Amino acid sequence: MLEAVQIVIGGVLQGCIFALLAIGFSLVHRVASAINLAQGAFCIVAALLTATLEQSYDVPVMAGGLVAVAVTGCLAAGLGAAVFVPGLRRLPTSSMFILTAGLLTLLEGGSLVIWGSQSTTLSSFSGERPIHLAGLLVPTQGLWLVGLTLVVTLVQGVLLARTRAGRAFRACAENPLAASLMGIGVGRMQLLSFVLAAAVGALGGVVMGPITSFQFDTGRMYTIFGFIAAVIGGIGSPLGAVAGGLFLGIATQLAAAYVSSLFSNALALVLLLAVLVWRPSGLFSAGPTRRQDVRDEPRVQRAVIRIGRRQGPVLAVIGAVLLFAGVPWALQGSGLMSSAIITLIVFVSVLGLDVLMGYAGQVSLGQAGFMAIGGYTASVLAVQFHLPPLLGTLVGLAISLLAATVMALGTMRLRGLYLAIATLAFGLLVDSLTVGLESLTGGPSGLVGIPPFSVAGFRFDTPLRAYYLMAFVLAVALGLLAGGMRGSFGRALMAIRADPLAAAALGINVPRHKLAVFCISAGLGSISGSLYAFYFQFLSPEMVGTPLSLQMLAMLVVGGEGTLFGPLFGVALLTLLPTLFQPLAQFKTLGSGLLLIVFSLYLPSGIFGVLSGDLRLLGGRLIAPLRVLP
Amino acid sequence: MLEISGLAAGYDGRAVISDVSLTVGAGEIVALIGANGAGKSTLARTVSGLLPALAGRITFQGQDITQANPAARVRAGLIHVPEGRQVFAGLTVAENIELGGYTLGAGETSFEQVRAVAARFEALANRMGAYAGNLSGGQQQMLAIARGLMARPRLLILDEPSLGLAPSLVAEIFRLVGQLRDQGIAILLSEQNARMSLRIADHGVVIENGRVVLSGAAQAVLDAPDIAARYLGLDGGAAVGGMGGSFRARFADELRRTARGD
């Protein structure tokens, strides 16, 4: 019994951190109707800053913490004014996800450059000795944390419900246009909420610093769990944020203690999925449910990029020649060959993401989950049961399609934000399974001894063979998709993206199309994952984890979504750059965050959009001589 | 009170309205008449500062406000009640009205103030705690106007207040507009319901393809032959007291165009 209470105390402390983050999410969502995925990163920036002040400059931890919170607040103000608020003005909600994922990556990358990858910790505010209370141990820092959570909860509760500023905050989220007609400075309110949320996160980071260890990328974990807590509690509801945080903290600690520490995350995710499916607005919903996301309406627009009917085939032939002859000839034997192969493998998966997001407008943060299913199924079958790789790939594909079907049916009612969370939860669930099922997958250290891909005894074991295998798979996938997207299926998807209700009114079977597109996307991810494992002959959870999902999102946006071919540029850029600039490896994360922000804010049609004018011109020039012929 | 001269504005740098000049005097109603897409809402949004002016000048009570932000214009007493009501659906009626007085400061938006404004609207007075999103269309329009009144307007821009409302509600809105004028609030009334708005207005301004094509005393605009045919219906629309006049006008216009074959 005592032990259980001790565990619950641990859960409450954990829950306080989640609650603080969830409050930040709620605050930003209340004002801006957007999710700020960079939330957790501010926590870690403040904690790392305090650690530096404490360890290198002998500043007392509390004073250092206050300085760090102030600095983090200023940093948030700068990022908010330069990135977040301009983004709100011109991007639809789904792109705000990508933009703030960019901010998260940017902050992580910056932290990596400044502080390196070592993990560190802070010293307690009031001594390291825990308090003994009826046989229970409570770290004094825990009391600080609980106190901070209480204060923040009260202050923001009063701020939102009782003050003029609180009502103005809500007005901004409800209807920014009308709010500005009331004389409310909408941009300023949005910035204020962003900075306040970051400051709350920073405070949380400094106060929890002494009871945990952290490094540059711990923020990602806090973002995810804070976000889950906010959703379980009901996003936008201040009380819900706290309840969700505590619930999540206690549940995961109990699961870790009594079931298995490896599956405690899985439990959190199952809880989240259950809440999403049965009560999408959370346990404590805020205000009446909105029938439609008003904010989405005026901002759903994108550049239409069309390669002409006659230029198309010419460019396709050029592409095929480059793919099958040019690249292997140019790169054979060089170190870049391996990068080229990885580019093609990942591109297959990103293609799936493009069909899902670019064409059908469904946000997915879990594409790597399908790569993991495909990769692990095929390689486990190959390693443990000696099944031929092709068969394993097909079994992986079947399981992925099954999972996608279940996902699609379960999340059919969800759109935008909630769908994104559900896919994120799916990806994380797969992550925790690949780590947890140690006897099958080899756990965190990975699965070794995977054979290379082979068909009927022919082994694709040299780089050139592997390259041609991938080029072939890619050409088939691209060919099929290019046909499908140009036809009525693609048009139906774009109609669903623009307005699912109107699409249904036109007689498009929206559920069936969503299911189909989910399956296409999952299938491509699964095949790509299998080939990934067979190429490396090794597979570890981090190779196909959630960070890869986010990176593939960046590749898609940077390349140009909704274009099929465009993402290749994004994949190639983000795969090749780190290889080409090996000495600058530590800047990789920073760079990809920066790219993601710049592209989603200023070049929403991606590299492909920028190039398409030139491509069209090139295609036109090449067919000009043909036109002279009769 | 409000003087607009040579105003051009639009979206993404492309002008939707250009060279628009008009004046609204103190205590006057000026009716802005035009078909769908003529540029009425663009003009309203530019005057309230939601859209930047590409050229021209807007002065309000002698002050040049062309560059002022929406909040400054609200503080000066220039209030825009937007098309399509735009109430805060997730806030209560009382909170909506209170937010209308956001720029006045905390002391001025007491509950009595909110009650006093709401008391003018039968539909709202006993629904103060309801979510605005759950009101009917007519009630939401009343709420939008009440919210505008809370800021103590000197000039009210009403953009399509009768759009999509039942005839009895339309009549009520127009009655209210008349009362507001009698209180000394100047009104720029943008309407497709040309006959009713010209009857109540002091001046009329007709806007077509983003340009002013006719302006003058309301009666003169009402009598202008071309206007009668285009916006008021060929038969004068007497049968239903002017209701649906604009629809009939557009329909007649359409018929004529079809007959001409363009």
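List of remarks:
- Multiplying the residue separation of A:Leu66 and A:Ala482 by 0.36 nm and subtracting their alpha-carbon distance yields 144.2 nm.
- Converting the Cα gyration tensor eigenvalues of region A:302-625 into ellipsoid dimensions via √(5λ) gives semi-axes, longest first, of 29, 26, 19 Å.
- The spacing between region A:553-593 and region B:83-151, judged by their C-alpha centroids, is 50 Å.
- Here's how it looks for B:Ile65: its modeled amide H is under 5 Å from those of B:Ile58, B:Thr59, B:Phe60, which are all 5 or more places away or on a different chain.
- Residues B:His80, A:His29, arranged from fewest to most other Cβ atoms within 10 angstrom of their Cβ, appear as A:His29, B:His80.
- Sites B:Ala171 and B:Tyr11 - FRET efficiency at Förster radius 25 Å, r taken between beta-carbons, to 0.05: 0.15
- In this structure, A:Tyr602 and A:Leu390 have a Cβ-Cβ separation that, at R0 = 35 Å, corresponds to a calculated FRET efficiency of about 0.20.
- Projecting label points 7 angstrom from Cα along Cα→Cβ for A:Ala81 and A:Ser439 puts them 5.9 nm apart.
- When Rg and the Kirkwood Rh are both derived from Cα coordinates, the Rg/Rh ratio for region B:88-151 amounts to 0.93.
- For the protein assembly as shown, the share of DSSP beta bridges that are antiparallel, to the nearest 5, is 60%.
- Each part gets one Cα centre, and for region B:1-76 versus region A:1-60 those centres are 48 Å apart.
- Using 0.36 nm per residue and subtracting the Cα-Cα separation, the extra length available between A:Thr405 and A:Val151 on full extension is 87.0 nm.
- Applying 1/(1 + (r/R0)^6) with R0 = 56 Å to the Cβ-Cβ distance of A:Ser119 and A:Ala504 gives a FRET efficiency near 0.65.
- Rg/Rh ratio calculated on Cα atoms of region A:26-155 (Kirkwood radius): 1.04
- Loop-located trypsin sites (Lys or Arg not before Pro) in region A:359-464 (DSSP state not H, G, I, E or B) with no more than 15 neighbouring Cβ atoms inside 10 Å: A:Arg413.
- Overall size of chain B from C-alpha positions, given as principal axis extents largest first: 60, 41, 33 Å.
- Three principal axis lengths of the protein assembly as shown [C-alpha, angstrom, descending]: 93, 91, 46
- Per residue of A:163-169, other chain Cβ atoms within 10 Å of the residue Cβ number 3 on average.
- Label separation (B:Asp19 vs A:Leu137): 8.5 nm, computed from points 7 Å beyond Cα along the C-beta direction.
- Pairwise centroid distance, computed over Cα atoms, of region A:109-164 with region A:432-491, Å: 45
- Over all Cα atoms in region A:519-565, the spread is summed up by Rg and Dmax: 11.9, 32 Å.
All of the numbers you see were taken from the coordinates with simple rules; none came from a lab. Just so we're clear, the structure is a prediction, and the values are computed from it rather than from any experiment. Every residue, glycine as well, gets a Cβ built from its backbone with ideal geometry; the counts of neighbours run over all protein chains shown.
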